[in-house]
Every structure is written in C-alpha cells, then in structure tokens.
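Colleague: First the structure, then my questions, so here it is.
The values are calculated or read from the model by the stated rules, or taken from the named source; none is laboratory data. Please read all numbers here as calculations on a predicted model, not as lab measurements. Please note: Cβ atoms are built from the backbone with ideal geometry, for glycine as well, and neighbour counts cover all protein chains shown. All accessible areas refer to the heavy atoms of the entire protein, side chains included, with ligands and DNA or RNA removed. Shrake-Rupley method; radii C 1.70, N 1.55, O 1.52, S 1.80 Å.
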Amino acid sequence: MDAPDVPTLDQLANEIRDVALQVHMAQERQDERDVVAAAHEGVNRLSKRYRDLLQSLPPGEQMKAERLLGRRVIDIKRLASLLPKVPASAGEGSVESTPDRVAGGGAPGERRITGVSWSNERRAAPAAPGVGGDVESWCGRCGELTTHNIVAMVGREPKQVLCQVCGSRHTHRAGPARTKTTTSSAARAVDDRPRGGDPEERRRAAELRALGEEVAAAENVRSFDPRQRYKAGEIIVHPEFGRGKIENVLRSSLLVRFPRSGLKPLSLT
C-alpha cells in the first residue's frame, strides 16, 4: 500500500481556505446538488489530510498543528454539517430504495433531500451556459462588454451576472442600459437589482439594497485587523472587499456580508 501524501502546515492552511470558500458557496446555493456534494467531499478530504498530518508529526509538533489549524478545521466541519446531506451513491439499484424518494413521492431517478429536489438529469453537463459559467455582458460600471460569471438563470437564459473586472452584480444584458442617476457608490453597487415575478429574487434584492444603504451610512466603522476581536452586527472596512457587515463570529474566522461581493470568510489567524 502506498504511503499517504502528507501535506505540510502551509499546504493544509491553503486547503482549509479553499474548502471554507467551497462550504460558504454551498450555503448560498443549497438547491444545486453538485455544489453541495462537492463541499461535503472537500470537507471529508480535508479531515483526512488533517489526520494524516497529525499522525506524521511527533507529539510536540502535533500540539503546534492543532493550535494553528485544529480550530479552523472544526469550524468548517460545523458549517458543513448545516448543509443538506447528500446520500452516498451505491450503484444503479440505489435510487429505487432511497427512503427520501419514496416518502416524497417523486418520480424514479429523483431524490428529495431536506426539501430540495435533485434529479439525475442535473448530473449531465449542460449544453447551454449555466450558473457558474461565463458570459459576455454589458457592465454599466465598466462602460463596456466584459466577461461575467452567471449567478442566476431564468430558463435557459442568464438572468443575474457578476462582472469579473469590477465585481458588480447586475442583470445580464447585451448592450448599454438607460442612464441612471445614483447618489453614492453604495447605490451604484446595488443599482442593477433583479426585476420580475420571482419573490425570492425580490427579497434578496431588497436585502442587498438595505445592506448597501446601512454600510454606506454607518459612522462607526472599524478597519479589519485579524488580531482584533469583533462581534456580529459590526460594520468593518476591508482593503479588498470594502465595507461589510459581520454576520457571524467563529473562533478562527468572521463571516462578513459585503454589498458588492457577497458573503466572505475572513481569517483571524
């Protein structure tokens, strides 16, 4: 049997950061089976790599590794435990005996997990662009066509996109929109809000507008410093993401919602 590929402390720290982002993405896209499954797989792989690292170290070095990385691994596993559970694949016959499918009354080939329907058809690679793909869209802030990430679809057409150049999120369009008058950078960040009949999209747009107005009007704003202590509800300013509101404080990281870039984990180590 081959010896396990044991990571270094620096390598595992980078893996922890990547898996944390993967879990946060899955929290925002819980209706996408592949995204949630990938997050669970990433956490399982990270846990194994962490155990392999500890087993390869002498006792004194083990304590150092646990002190530097142990809490971060525990935080990620705790967050991942809140995601929908993805049943392990057990071959062709596993779908017929899936309890969730029978209880939910779905069609064969479909599984219902914590209120989310994931069908086998989603496993096939989509022929058309989908969420997470790239599309050329007009960016009002950049004033030109730029490459965007697709963040929401309506049918087969992109609905909401995120500019890879300036980071603004807006409705997909092939050409310039009408000129709009805005009063602040925070208003511009949420200007291109989704319109239509989707109540969930309207709710998210309203929350984003309210967040943008709140952080823009805040007077007591702290500059982010990983050595300081924070509490939920505080407004901070980050050198890369700008102003944001702290949603949750973990032992080794903060979860901060930024109007322009969404939910981000900020390490406190």
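Colleague: Checking SER137 against (1) under 27 Å from ARG169 (Cα atoms); (2) open to solvent by 30 Å² or more (accessible area, probe 1.4 Å); (3) modelled with pLDDT of 85 or more, which test does it fail?
Modeller: Here SER137 clears every test but (2).
Colleague: Part of a loop (DSSP other than H, G, I, E, B) and open to solvent by 80 Å² or more (accessible area, probe 1.4 Å): is that true of LEU82 in this structure? Before you say what the answer is, go through the steps one by one.
Modeller: On the way: part of a loop (DSSP other than H, G, I, E, B): yes; open to solvent by 80 Å² or more (accessible area, probe 1.4 Å): yes.
Yes: the conditions hold for LEU82.
Colleague: Condition check: in contact with a His (Cβ under 9 Å, 6 or more places away or on another chain), closer than 19 Å to LEU68 by Cβ and either open to solvent by less than 60 Å² (accessible area, probe 1.4 Å) or not in a loop (DSSP other than H, G, I, E, B) (or both). Does LEU254 satisfy that?
Modeller: Numbers: in contact with a His (Cβ under 9 Å, 6 or more places away or on another chain): no; closer than 19 Å to LEU68 by Cβ: yes; either open to solvent by less than 60 Å² (accessible area, probe 1.4 Å) or not in a loop (DSSP other than H, G, I, E, B) (or both): yes.
Criteria not met by LEU254.
Colleague: Test of understanding: among GLU214, GLU207, which residue is more than 26 Å from ALA38 (Cα to Cα), within 18 Å of the chain's Cα centre (by Cα) and either assigned to a helix (DSSP H, G or I) or at pLDDT below 85 (or both)?
Modeller: On the way: GLU214 fails: within 18 Å of the chain's Cα centre (by Cα).
It is GLU207.
Colleague: Step by step: first the residues of the range 10-41, then only those that are of a type in the set (Gly, Ala, Ser) and in contact with a helix residue (DSSP H, G or I) (Cβ under 6 Å, 6 or more places away or on another chain), then the one that is nearest to SER267 (Cα to Cα). Which residue is that?
Modeller: Going through the range 10-41, the residues of a type in the set (Gly, Ala, Ser) turn out to be 13, 20, 26, 37-39.
In the following step, the residues that additionally are in contact with a helix residue (DSSP H, G or I) (Cβ under 6 Å, 6 or more places away or on another chain) were identified as 20, 26, 39.
Details: ALA20: 10, ALA26: 19, ALA39: 19 Å.
Per the stated criteria, the residue is ALA20.
Colleague: If you don't mind, there's one more thing I want to ask. Among (1) within 25 Å of ARG71 (Cα to Cα); (2) touching a strand residue (DSSP E or B) at 6+ places or on another chain (Cβ under 8 Å); (3) surrounded by fewer than 12 Cβ atoms within 10 Å (Cβ to Cβ), which single condition is ARG227 missing?
Modeller: If we test ARG227 against (1) within 25 Å of ARG71 (Cα to Cα); (2) touching a strand residue (DSSP E or B) at 6+ places or on another chain (Cβ under 8 Å); (3) surrounded by fewer than 12 Cβ atoms within 10 Å (Cβ to Cβ), just (2) comes out false.
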